[in-house]
1. Any idea which residue in the range 304-320 is nearest to the ligand (Cβ to nearest atom), counting only those that are touching a residue at least 12 places away in the same chain (Cβ under 8 Å) and over 17 Å from SER288 (Cα atoms)?
2. When LYS247 is evaluated against the numbered criteria (1) within 14 Å of ILE17 (Cα to Cα); (2) open to solvent by less than 20 Å² (accessible area, probe 1.4 Å); (3) modelled with pLDDT of 95 or more, which criterion, by number, is the only one it fails?
3. Hey, could you check the range 279-303 for residues that are in contact (Cβ under 8 Å) with a residue 40 or more places away in the chain and of a type outside the set (A, V, I, L, M) and say which is farthest from the ligand (Cβ to nearest atom)?
4. Does the range 233-243 include one or more residues that are surrounded by fewer than 12 Cβ atoms within 10 Å (Cβ to Cβ) and either within 11 Å of the ligand (Cβ to nearest atom) or not hydrophobic (A, V, I, L, M, F, W, C) (or both)?
5. State whether the residues of the range 223-239 include one that is under 13 Å from the mean Cα position of the chain (by Cα) and assigned to a loop (DSSP other than H, G, I, E, B).
6. Of all residues in the range 257-283, count the ones that are open to solvent by less than 70 Å² (accessible area, probe 1.4 Å) and more than 19 Å from the chain's Cα centre (by Cα).
7. Scan the range 321-339 and give yes if some residue there is within 10 Å of the ligand (Cβ to nearest atom) and assigned to a loop (DSSP other than H, G, I, E, B), otherwise no.
8. Identify all residues within the range 140-191 that are in a loop (DSSP other than H, G, I, E, B), charged (D, E, K, R) and open to solvent by less than 60 Å² (accessible area, probe 1.4 Å); write none if there are none.
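The values are calculated or read from the model by the stated rules, or taken from the named source; none is laboratory data. Remember, it's a predicted structure, so these values are computed and weren't measured experimentally. In this analysis, Cβ positions are derived from the backbone assuming ideal geometry, glycine residues included, and neighbour counts consider all displayed protein chains. Side chains included, ligands, DNA and RNA excluded: accessible areas come from the protein's heavy atoms. Shrake-Rupley method; radii C 1.70, N 1.55, O 1.52, S 1.80 Å.
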Amino acid sequence: MKKIEPNWINSFKKPLIISGPCSAENENQILEIAKRLDKNYVEIFRAGIWKPRTRPNNFEGIGEIGLKWLNKVKKKKGFLVAIEVANKIHVELALKYDIDIIWIGARSTVNPFTVQEIAESLKDTNKIILVKNPLNPDIDLWIGALERLINKGIKNLGVIHRGFSIYKNLKYRNIPNWKLALKFKKLYPNIPMLCDPSHICGNREGIFEVIKKAIHFNYEGFIIETHCDPDKALSDSYQQILPEKIKEFFSKIDFKKKKNIKLEYKREFINELDENLIYLLSDRMILSEKIAIIKKINNLLVFQPKRWESLIEKYINLGNRLGLSKKLIKKIFNEIHKESINIQNKII
Ligand SMILES: C=C(O[C@@H]1C=C(C(=O)O)C=C[C@H]1O)C(=O)O
């Protein structure tokens, strides 16, 4: 990748906060959210105009009229405005309505044809272009998207870590990969990196915990979804927070208090893995309950020595291959098995 000069981000407060609704729904909603966002914290107003929904027949965005509402936010409320684009027509409209910041969504970053089309229609723009990570944790795909934009003379670039798609939701809707994002940062230190806690979490509860982590990892900014009535939002209602929450949270953060990043980063990894272990254990015990119901109906014994012996042998071998002692595997799985038997005995 060509060298990128340090840049546009310096003209904003640190951290840069982009906020606003997942989707523009109506003019009142847009103006109300803009009114309630504190401009001492939020400098850029976001709103989805075209929404890439997983299943059809959902609200797929308000379209061009929403760009007029964003112009009002710009003129009346003094925010810069940001939207997502996913094709040439979106780009043309974004430029026509003088949108200041344009981002490419995760579902577009995965597709080089889409990125190429967007890059060509943005050719030589001075607008700020942000690229969300692709759905799958493939750093080259992310870098490739930036290269396509750079090749078309686009200079004001940034990236957004919005987490990666997973088959099964454990704690997150899209699991953050801090390691991959930090690797990116190391490779391209002059490209500002923002964090999108709303899409990482997929719920309101975890958002500020994710922001705190990202602050420790030196992220330059955040894109956070806000709505004046989150429960009634037409898209992603679970993850939007009230506009006032932004000031409430950021006013309490001491940005000078930095922790040891290397240690924090490793600890973060451990916490993440431990939490996933707990989620998996919970799933495993739920399955034991279901098995107990089947055993009850079929008059079977709870303890199945043959199955248990074959399982423990298999696990010891797998542990051995992965550098874990027989003693450890036996200890852990004996406890798990004991608990599983207790659960089943209560049902039978
Ligand atoms: C879950 C079962 O019941 C018991 C519990 C087991 C476990 O938790 O791994 C395995 C065998 C049985 O002793 C089963 O029969 O598969």
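1. By that ranking, first place goes to TYR315.
2. Every condition holds for LYS247 apart from (2).
3. Looking at residues that are in contact (Cβ under 8 Å) with a residue 40 or more places away in the chain and of a type outside the set (A, V, I, L, M), I get TYR279.
4. No, the conditions are met nowhere in the range 233-243.
5. Yes; the residues of the range 223-239 include at least one that is under 13 Å from the mean Cα position of the chain (by Cα) and assigned to a loop (DSSP other than H, G, I, E, B).
6. 4
7. Within the range 321-339 (the criterion being within 10 Å of the ligand (Cβ to nearest atom) and assigned to a loop (DSSP other than H, G, I, E, B)), the answer is no, since none of the residues qualifies.
8. LYS152, ARG162, LYS171 - these are the residues of the range 140-191 that are in a loop (DSSP other than H, G, I, E, B), charged (D, E, K, R) and open to solvent by less than 60 Å² (accessible area, probe 1.4 Å).
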